[in-house]
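First comes the structure, then the notes that go with it.
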Amino acid sequence: MDDNQFEDRMKLLKKSYDKVPSQFQSEKIVREIESESESQHLQAIEYIKKPRKNRQKLIVWAISIASIFILSILGTTYFFENDKQMQRGSDGQYTFSEVFEDIEKDYPVVREKNRKLLKMKENEYEELGFVSTADSRYDFYKKLSKDEDRKMLYSENQKDEYYKEIMRSIQLPQQLLYTTMANETTLTDTEARECISEYYDRSRELINYYDNLFMEHSEDLDFVREDGNLESKTLFMNKDKLPQILQNAIDSAEIQNLSLKIVYNNVVFGFNSDVTTAKLEDKVTARLLDYFTILHGEPFTYGGDLVHSIDETVFLLNTIEKTWSLADQQLSFFYELKGDYANAVYSLLKGSNSYPVMDATGKVNKEYRDAWLNLLENGSKFSPTLVYLKPIVDEFEASNWTSSKHWGNLQFSDIEDAVNHSLYESFISTSDANYSETEKTIGTDFESRIHSYYKLFSKTHNQAILKDAKALEVVGLYYYSFIMGDYDTMYELFVKGEKYGVPSKEKLGGISFNDYLGKNTRLSELFERMTFVQLETVRDDDVQGVARIVRKNEYEISLVKVREYRLIKEENGWRLPLNPTK
């Protein structure tokens, strides 16, 4: 396997580990886990330092260890929040030692049954992210159960909730679905997104394990390759001749409704949608169920080429456009899906070496033509195809499918911008958000307000000055401070603390939105309009929202240029988290 193939595989292997948000909320939490987390961190570093026979395995497990370390901390943090909520107004009768009795009896038994179901060795099983998280939570509860100074008492209901929570944390993906099926009520959209995310994350951890396993045993598949090609039919016909560990992987994956696929002569595992959808159709809305159809199609591209036929790719892209919504940002794979969509579209529009867009006569191949027209005809009024594809098709049709300036200048970022534009416009049109803002035109009135805030705030950085400022005014002040070269004021516009991180003033000095910005640049020269929508708050999450800025087109050929900012509402108003743009 060459380096390019390896890097492509790494993208597939670590998808579920790329975005683990920090959830520290108090110094108390840090003190409670400090000694344990430091020990785990040192162990992780020591593990990574050990020499490996091959570089690929080192990188994969380094990613896994880092993720497990973070997840174990989040599991510990969860207890304090859960405990705090349960203690409000409780009429307790059980000590935590008594709460833990049933957990201590049943957890190890269920954990071992699941390990055997997956046919994994203990050292492999314990390194799965969700298993490591569950183990950390169990160990932490066990430690608390032996704390004689803990005087809190828990009700029967609270005792039951702790039991269900810890037992759910060790469930395998299919067991999660059965638990959901047993629920007598239909899930709300928020509950459904949490359920789908949990199922996806645990399935993805198993997929990563299986993919890595077959990559390590690639040479053991040589006997089923024909002229260097690997076919799934031939592989399954010779399954009983494979090493036992690979047979076990195929069998256990099937039980979890995951299937082996051959993609460009490489083994990858993916989701099966039919069984999963059938299990949840009475609990989850049809739109959210379509995410399983989308996941079943992964991966859409491999090494820059389409994995599926052009017709199948168009079907998947149409399904994505009809399914996704900015309201689904809570889904753990939402932003990955945006990237997967953009990759598939770019490959569909630009073609590949094996099947170029242009035929021998210099015209667009009919299959591509039909696919592009299909996307346009079946898209909604907010489809991103109207932004990135319609100008291309219009120019090609006018030239008898021989040339398009937009097609020649199309960049991957243009598709990303079009997706952001589409999702935001669709969300605005259907949103029943409690709070929103709009600046239809960035003119002298908006600039005057920003200048006034800057004069007041930049002198003292008194946070109370911005308490009543609108979210869009805070974003405008952020840009204005940059134009003025005032990085101290930019720094004061960020959320501070463990949860979102603290930005470095030195790094702020290296920010560059556009090279041509100078102190005489006006906001009205940069932006067309701005909108802001407060997002749905889940549980005890911070109040937050997304500001979207439509920039002035820099070039005649440019497609819609957008920039989005996430904002958090604090005691003194809206502020930007570290790395606020998406």
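The values are calculated or read from the model by the stated rules, or taken from the named source; none is laboratory data. The structure presented is a predicted model; accordingly, all values stated were derived computationally and were not measured. Cβ coordinates were reconstructed from backbone atoms using ideal geometry, including for glycine residues, and neighbour counts include every protein chain displayed. What goes into the accessible areas is simple: the full protein's heavy atoms, side chains included, and nothing from ligands, DNA or RNA. Shrake-Rupley method; radii C 1.70, N 1.55, O 1.52, S 1.80 Å.
Restricting ILE415, ILE442 to those that are modelled with pLDDT under 90 and surrounded by 13 or more Cβ atoms within 10 Å (Cβ to Cβ) reduces the list to ILE442. Selection over the range 397-429 of residues that are assigned to a helix (DSSP H, G or I) and touching a strand residue (DSSP E or B) at 6+ places or on another chain (Cβ under 8 Å) gives a count of 6. Residues that are under 22 Å from THR276 (Cβ atoms) and not polar (S, T, N, Q) within the range 237-261 comprise ALA249, ILE250, ASP251, ALA253, GLU254, ILE255, LEU258, LEU260, LYS261, listed in sequence order. Do we find that GLU321 is over 30 Å from GLU205 (Cβ atoms) and of a type in the set (Asp, Glu) in this structure? Considered against the rule, which asks whether it is over 30 Å from GLU205 (Cβ atoms) and of a type in the set (Asp, Glu), GLU321 comes out as no. The set of residues in the range 219-262 that are within 29 Å of the chain's Cα centre (by Cα) and surrounded by fewer than 18 Cβ atoms within 10 Å (Cβ to Cβ) comprises ASP251, GLU254, ILE255, SER259, LYS261, ILE262. Of the helices (runs of 4 or more DSSP H) lying entirely inside the range 153-232, those containing at least 3 residues that are at pLDDT below 90 and under 30 Å from TYR94 (Cα atoms) span 173-182. Checking each residue of the range 473-482 against the condition of being more than 28 Å from the chain's Cα centre (by Cα) and open to solvent by 50 Å² or more (accessible area, probe 1.4 Å) gives no match.
Within the bounds of the range 355-365, is there any residue that is touching a helix residue (DSSP H, G or I) at 6+ places or on another chain (Cβ under 9 Å) and surrounded by 21 or more Cβ atoms within 10 Å (Cβ to Cβ)? The answer is yes, given that some residue of the range 355-365 is touching a helix residue (DSSP H, G or I) at 6+ places or on another chain (Cβ under 9 Å) and surrounded by 21 or more Cβ atoms within 10 Å (Cβ to Cβ). Checking every residue in the range 291-302 against the condition of being under 28 Å from GLU191 (Cα atoms) and touching a His at 6+ places or on another chain (Cβ under 8 Å) gives at least one match. Consider the range 165-207 and keep the residues that are open to solvent by less than 10 Å² (accessible area, probe 1.4 Å) and in contact with a Pro (Cβ under 8 Å, 6 or more places away or on another chain). The one that is nearest to ASN272 (Cα to Cα) is SER203.
In the range 447-460, of all residues being open to solvent by less than 50 Å² (accessible area, probe 1.4 Å) and free of Cβ contacts under 8 Å to residues at least 40 places away in the same chain, the one that is farthest from THR531 (Cα to Cα) corresponds to SER458. Would a scan of the range 137-158 turn up a residue that is under 26 Å from the mean Cα position of the chain (by Cα) and of a type outside the set (Lys, Arg)? For the range 137-158, residues under 26 Å from the mean Cα position of the chain (by Cα) and of a type outside the set (Lys, Arg): absent. Summed over the range 367-387, the residues that are surrounded by 18 or more Cβ atoms within 10 Å (Cβ to Cβ) and more than 27 Å from GLU437 (Cβ to Cβ) give a count of 6. When the residues of the range 388-402 are filtered to those that are surrounded by 14 or more Cβ atoms within 10 Å (Cβ to Cβ) and not hydroxyl-bearing (Ser, Thr, Tyr), the one that is farthest from VAL307 (Cα to Cα) is GLU395. Report yes if VAL307 is at pLDDT 95 or above and crowded, with 18+ Cβ neighbours inside 10 Å, otherwise no. Taking the combined requirement at face value, the residue does not satisfy it. Restricting the range 462-472 to residues that are open to solvent by 50 Å² or more (accessible area, probe 1.4 Å) and not in a helix (DSSP H, G or I) leaves a set whose member that is farthest from GLN544 (Cα to Cα) is ASN462.
In the range 54-143, counting only helices (runs of 4 or more DSSP H) that sit wholly within it, the ones holding 2 or more residues that are in contact with a helix residue (DSSP H, G or I) (Cβ under 6 Å, 6 or more places away or on another chain) and at pLDDT 95 or above span 96-118.
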